[in-house]
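Quick notes on the structure that follows.
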Amino acid sequence: MSQLNSKYFHYRDKELFCEDVPVVKIASAVSTPVYIYSRNYLRDRYTEFAAAFQSIDHAIFYSVKSNFNLSVIKTFLSLGSGVDVNSEGELYRALRAGAHPSKIILTGVGKTEDELRIGMVHNVLMIKAESLEEIELLNKIAGQLKLKPKVALRINPDVNPATHPYISTGLAENKFGVSSEEALEIFSHSKNFSNIIFTGLHMHIGSQILAAEPFVEAVEKLSEIYFKLNAAGIRPDHFDIGGGMGVYYRENENFSLPDFAGNLLPLLKKISSKIIFEPGRYLTANGGILLTKVLYNKTEAEKYFIIVDAAMNDLLRPSIYDAYHHIQHAILNKERKNVRADIVGPVCESGDFMGRDREIPACIQGDLLAVMSAGAYGMTMASNYNARRRPAEVMVEGDRYFIIRSREHYQHLLLDEEERLLT
Ligand code: LLP
């Protein structure tokens, strides 16, 4: 779905609104840069996803790495979602947002001993194991703690998800999970791991996948293992196919939920365990924008630059994946002629840009620009580089808005460095 003129983000009288709130109003109150989310977008995407799979026994575990603001997590929890977490920090956030441990899945290719222990002590629904050594460690810690954690094995189905190489995770060359052969081998020795209960099979092949085919191929491969296990008398409770469903960032980039569901349902209906989905981006990306202010214009060596107050530390995706985020004015003005410009941030790196070589109506100092589709992997990947305070986050619901996280204070930049200052 295009985010550019949806009921969640649209123009009224040439002014950009999030739901029923003009974004300019938020900028005046909170300043910029600021992340703005539409709560009804989040709700509608969740409801739509759940409806697409209502004919099967399934559960959605929102992948909090895409946006871990507590209010975002809580919005999904209130709709019945579980959460997929990738670290003790995300587990902490999920618990603070009110997630019951039975609604939490702990994932991660390199969980520390502490993280495994914390997951076990909290008795999360499943801890995913990604290697034999991790299973051995899980089994050992469980023995020491006299606990019986539920464990899912992550399989790497060796499927090409046709996405950016940095976010592909299901190829044999990627670090995630174990091969099908190794998985069967591990299950055949499951009696050696008497302190843990194998309750699930899992895969996650990558992110921003637009076509259904890679999912189909991967589910077929996971199903093969599932049926082999069934034949050996093992029936995992959960069949977890991960996340990775793509979203609209620009024209011709579209993910079709009906197509995805239509292709997968016949395969999933053959599985007699609960199907788990872990969407992140699908639920959040187009539910958010990053609003930024124009600081300066300049022309250098025939290149035109628009310098804005948001930087790579606020939204990293353009810099590391060369990701496209549409950029548009918050107030439209027909008198402005189009210019071709690089829209760049204040950080001291040439890789610090929001968009390059963009055609956009000319800007003047103080204009507000909306960097679209920024609800996923925006704030969660933000940093304090250049000692910049991370931006505020605002949630809009109808005609109201709520600051759900303040812009960081200078004190956040220092933590306890002053008390620890060397003489
Ligand atoms: N489950 C697991 C095990 C994952 O590793 C991920 C994402 C997800 C679910 C959710 O995937 P999604 O539905 O959001 O595609 N920073 C990158 C994306 C990295 C995704 C990592 N894993 C980006 O900005 O594009």
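The values are calculated or read from the model by the stated rules, or taken from the named source; none is laboratory data. On a predicted model such as this, the values are computed, not experimentally measured, just so you know. Positions of Cβ are generated from backbone atoms using ideal geometry, with glycine treated the same way; all protein chains shown enter the neighbour counts. Accessible surface is based on the protein model in full, side chains and every heavy atom, while ligands, DNA and RNA are left aside. Shrake-Rupley method; radii C 1.70, N 1.55, O 1.52, S 1.80 Å.
One table, with the values for the structure above:
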quantity: Kirkwood hydrodynamic radius of the chain, Cα pairs, Å; calculated: 22.7 Å
quantity: The stretch 112-195, accessible surface, carbon-and-sulfur percent (1.4 angstrom probe); calculated: 51 percent
quantity: Cα centre as origin, Lys/Arg/Asp/Glu Cβ charges: the stretch 295-385 dipole, Debye; calculated: 280 debye
quantity: Sites Ser256 and Ile56, calculated FRET efficiency, Cβ-Cβ separation with R0 22 Å, nearest 0.05; calculated: 0.75
quantity: Leu106, Leu145, reordered so the largest accessible area comes first (probe 1.4 Å); calculated: Leu145, Leu106
quantity: Spatially proximal lysines relative to Lys140 (Cα-Cα < 21 Å; intrachain offsets below 8 disregarded); calculated: Lys111, Lys128, Lys148, Lys150, Lys191
quantity: Global geometry of the stretch 121-198, whether rounded, prolate or oblate, following the gyration tensor of its Cα atoms and the 1.5 cut on a/c; calculated: prolate
quantity: Nearest-0.05 FRET efficiency for Val24 and Glu220, computed from C-beta distance (R0 41 Å); calculated: 0.25
quantity: Rounded accessible area of Cys363 (nearest 10 Å², 1.4 Å probe); calculated: 10 Å²
quantity: Under 5 Å, built H, 5+ apart or other chain: amide partners of Gly355; calculated: Ile343
quantity: Cα gyration tensor of the stretch 70-166 - equivalent ellipsoid semi-axes, whole Å, descending; calculated: 22, 21, 11
quantity: Anisotropy class of the stretch 268-423 from Cα gyration tensor, a/c 1.5 cut; calculated: oblate
quantity: Set of aspartates and glutamates near Lys274 by C-alpha distance (under 13 Å), chain-local residues within fewer than 8 positions excluded; calculated: Asp57, Asp237, Asp240
quantity: Neighbour-limited loop hits for trypsin sites (Lys or Arg not before Pro), the stretch 154-214 (at most 14 other Cβ within 10 Å; DSSP other than H, G, I, E, B); calculated: Lys175
quantity: Cα-centred dipole magnitude for the stretch 84-198, charges only on beta-carbon of K, R (+1) and D, E (-1), debye, nearest 20; calculated: 640 debye
quantity: Glu213 - accessible surface, heavy atoms, 1.4 Å probe, Å² rounded to 10; calculated: 120 Å²
quantity: Shape of the stretch 345-399, Cα gyration tensor, a/c cut at 1.5; calculated: oblate
quantity: Carbon and sulfur %, accessible surface of the stretch 9-65 computed with the full protein complex present, 1.4 Å; calculated: 45 percent
